[in-house]
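Engineer: First, the structure itself, so that you have it in front of you.
The values are calculated or read from the model by the stated rules, or taken from the named source; none is laboratory data. Just so it is clear, the structure is predicted and the values come from calculations on it, not from any experiment. Methodologically, a virtual Cβ is constructed for each residue, glycine included, from the backbone with ideal geometry; neighbour enumeration extends over all protein chains shown. Surface accessibility is based on the protein's heavy atoms, side chains included, excluding ligands, DNA and RNA. Shrake-Rupley method; radii C 1.70, N 1.55, O 1.52, S 1.80 Å.
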Amino acid sequence: MKNANGHEIIQLFESWSPKKLACMDNDPIGLAIGTLNKEVTKVLVTLDVNDKVADEAIAKGCQLIIAHHPPIFRKLSNLRTDTPAGKLYEKLIKNDIAVYAAHTNLDVADGGVNDLLAEALLLENIEILEKTYHENLMKLALFVPDEYAEKVRHALAKAGAGSIGNYDSCSFSTNGQGRFRALEGANPFIGDIGEMEKTDEEKIEVVFTQSIKNKVLKAMLNAHPYEEPAYDLYTLAVETNEMGLGRVGKLKEPMTLESFAEHVKSQLDVPRVRVVGDTSTLISKVAVVGGDGNKYIHTAKRSGADVFVTGDIGFHIAQDAESIGLNIVDPGHHVEKVMIKGVAEKMDGLCSQAKLSVEFVQSEIDTEPFTFI
């Protein structure tokens, strides 16, 4: 195991929950306070960053905080240390504690907030509620001398090209003849300057996801023997790696809305929930969105869900849900605290695989602002 740098930790985090998954305009994700360019031995994972959480990080010797809710949500016009927020930022900076926020990207990520909520509710056959991200497939067609075809195919496969579902190293080849003439200044692999050349070549075609285009092209160019390889690159009208916000799944056995509300309280560890709908209604299919899900009631209804589990439901939104026949169980925004354990365990696994010596500490501070009486 080796000592971890903050950049290495966040690089691993973003391999799981990349910024490109964020689905809110100007979502203030990423490094919010401090620097990652330092050794990090302890990371505090928390839902929110407040004064008590900062004290906890100091007491536990953490150099980095990973939070779900960004501590600086709107652009600052000043940084005064005589305000509550300013005092918090000052405390973190003076104690050299960096804060990194993963907000809607962590909501969308596989194994992120919404998956954790769906799993906590014991849902089965879980699917995405609303798709917010996808990649297009791309195709590379290149021409290589027959005797170098296998070397280039291997390099492409190693870079991730040719992965289709549960298969890898997929490619298609056709044989033909390549013709070219090297001009002055060239350093031809085959033939002489000024002479027309003809050689047996193999055309190799592979597909890959858009996000690894540069990696695939680099691998191809490094493995190819020609000074100027000939290749075609296409963006295909085929979408893959679909991801999105919210989840929808089924209960193992149907239960009444009243029983389901008790189930939510128990599984998500909340003392109270708000319920919209006839409590005797049978519930089988469940949609869930962590945090504020007001604008997703129609999406939840279209998914065929019998009930929508989400927080911060407004009065008029509740009336709208009632009018379209959508039951709601609102356990509050704070149930996103499931990410604390989930992120800590995920990052512990990623860092162990990378042989990085770092400890992930789960925050014990309750940041729920409401008291239920």
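Engineer: If you count the DSSP beta bridges with both ends in the chain, what percent of them are antiparallel, to the nearest 5? Can you show the working numbers first?
Structural biologist: Working: 47 of 69 bridges.
The antiparallel fraction comes to roughly 70 percent.
Engineer: For the range 113-127, take each phi angle, set θ = phi - 60°, evaluate the Karplus expression 6.51 cos²θ - 1.76 cosθ + 1.60, and give the result in whole Hz per residue in order, putting x for glycine and proline.
Structural biologist: Here the 3J(HN,Hα) series is 4, 6, 5, 4, 5, 4, 5, 5, 7, 6, 7, 10, 6, 6, 10 Hz.
Engineer: Out of the total accessible area of the chain (probe 1.4 Å, heavy atoms of protein only), what percent is carbon and sulfur?
Structural biologist: 48 percent
Engineer: Right, here's the next one. How far is helix 6-16 tilted, in degrees, relative to the longest principal axis of the Cα atoms in the chain, given as a value from 0 to 90 rounded to the nearest 10?
Structural biologist: 90 degrees
Engineer: Quote to one decimal, in nm, the extra length available between residue 35 and residue 175 on full extension: 0.36 nm per residue of separation minus the C-alpha distance between them.
Structural biologist: Numbers: separation 140, 0.36 × 140 = 50.40 nm, distance 5.39 nm.
That works out to 45.0 nm of additional length.
Engineer: On a 0 to 90 degree scale, rounded to 10, what angle separates helix 84-94 from the longest Cα axis of the chain?
Structural biologist: For helix 84-94, the angle is close to 50 degrees.
Engineer: Also, quick follow-up: Enumerate the amide H contacts of residue 31 below 5 Å, restricted to partners 5 or more residues apart or on another chain; note that Pro and chain-start residues carry no placed amide H.
Structural biologist: Counting only residues 5 or more places away or on other chains, the set is 101.
Engineer: Restricting to the range 43-192, what percent of DSSP beta bridges are antiparallel, rounded to 5?
Structural biologist: Approximately 10 percent, going by the DSSP bridge assignments.
Engineer: Using only the alpha-carbon atoms, how far is helix 257-268 inclined from the longest principal axis of the chain? Give it as 0 to 90 degrees, nearest 10.
Structural biologist: 70 degrees
Engineer: Taking the Cα-to-Cβ direction at residue 146 and at residue 282 and moving 7 Å from each Cα, how far apart do the two end points lie in nm?
Structural biologist: 6.8 nm
Engineer: Out of residues 5 or more away from residue 40 or on other chains, whose amide H comes under 5 Å of its own, with H placed 1.01 Å from N in the peptide plane?
Structural biologist: Amide H to amide H, under 5 Å and 5 or more residues apart or across chains, residue 40 pairs with 4, 5, 6.
Engineer: Taking the DSSP beta bridges in the range 274-373 as the whole, what percent of them are antiparallel, to the nearest 5?
Structural biologist: Bridges in the range 274-373 that DSSP calls antiparallel: roughly 30 percent.
Engineer: Separation between the residue 78 and residue 127 pseudo-spin-labels, each 7 Å from Cα along Cα→Cβ, expressed in nm?
Structural biologist: With each label point 7 Å from Cα toward Cβ, the separation is 5.3 nm.
Engineer: I'd like to compare 304-310, 13-19, 228-234: which one has the highest average count of other Cβ atoms within 10 Å, and what's the full order after that?
Structural biologist: Sorting 304-310, 13-19, 228-234 by mean packing, highest first, produces 304-310, 13-19, 228-234.
Engineer: For residue 119, what charge total do you get from the other residues with a beta carbon under 15 Å from its beta carbon, if Lys and Arg give +1 and Asp and Glu give -1?
Structural biologist: So the surrounding residues net to -2.
Engineer: Taking Cα centroids, how far is the range 43-122 from the range 242-294 in Å?
Structural biologist: The range 43-122 and the range 242-294 have Cα centres spaced 27 Å from each other.
Engineer: For the range 42-58, just list the computed ³J(HN,Hα) in residue order, Karplus coefficients 6.51, -1.76 and 1.60, θ = phi - 60°, integers in Hz, with x standing in for Gly and Pro.
Structural biologist: Rounded to whole hertz, the list is 9, 10, 8, 9, 8, 6, 10, 10, 10, 4, 5, 5, 4, 4, 4, 4, 5.
Engineer: So if I take the alpha carbon set of the range 85-229, get Rg, then get Rh from the Kirkwood formula, what is the Rg over Rh ratio? Walk me through the numbers on the way to the answer.
Structural biologist: Working: Rg = 24.6 Å, Rh = 19.8 Å.
Dividing the radius of gyration by the Kirkwood radius yields 1.24.
Engineer: Less than 28 Å apart at the alpha-carbon level, and either on another chain or at least 8 residues along: which lysines does that give for residue 250?
Structural biologist: 131, 265, 285, 295, 301, 337, 341, 346
Engineer: Residue 103: net charge of surrounding residues, Cβ under 11 Å, Lys/Arg +1, Asp/Glu -1, itself excluded?
Structural biologist: -2
Engineer: Would you tally the net charge around residue 14, using a Cβ to Cβ cut-off of less than 12 Å, leaving residue 14 out, and scoring K and R as +1, D and E as -1?
Structural biologist: Residues close to residue 14 contribute a combined charge of +1.
Engineer: Continuing with the same structure: Would you mind getting me the FRET efficiency between residue 95 and residue 366? Use the beta-carbon distance for r and R0 = 25 Å, nearest 0.05.
Structural biologist: Numbers: r = 22 Å, r/R0 = 0.87.
Once the sixth-power term is evaluated, E becomes 0.70.
Engineer: Sticking with this one: Going by the alpha-carbon gyration tensor, a ≥ b ≥ c the square roots of its eigenvalues, is the range 1-90 rounded (a/c under 1.5) or, if a/c is not under 1.5, prolate (a/b greater than b/c) versus oblate? Numbers along the way, then the final one.
Structural biologist: Details: a/c = 1.97, a/b = 1.15, b/c = 1.71.
Taking the square roots of the gyration eigenvalues as a ≥ b ≥ c, the range 1-90 is oblate.
Engineer: Using θ = phi - 60° and the Karplus form 6.51 cos²θ - 1.76 cosθ + 1.60, what ³J(HN,Hα) does each residue of the range 22-36 get, whole Hz, x for Gly and Pro?
Structural biologist: 4, 10, 10, 4, 6, 4, x, 8, x, 5, 9, 9, x, 10, 9
Engineer: Using only the Cα atoms of the range 30-163, what do you get for the radius of gyration and for Dmax, in Å?
Structural biologist: 22.3, 72
Engineer: Counting only heavy atoms of protein chains, what accessible area per residue, in Å², does the range 233-373 have with a probe of 1.4 Å?
Structural biologist: On the way: 7170 Å² over 141 residues.
Here the residues of the range 233-373 average 51 Å² of exposed surface.
Engineer: Kindly report the accessible area of the range 1-119 per residue (heavy atoms of protein chains, probe 1.4 Å, no ligands, DNA or RNA), in Å².
Structural biologist: Ligands and nucleic acids excluded, the figure is 46 Å² per residue.
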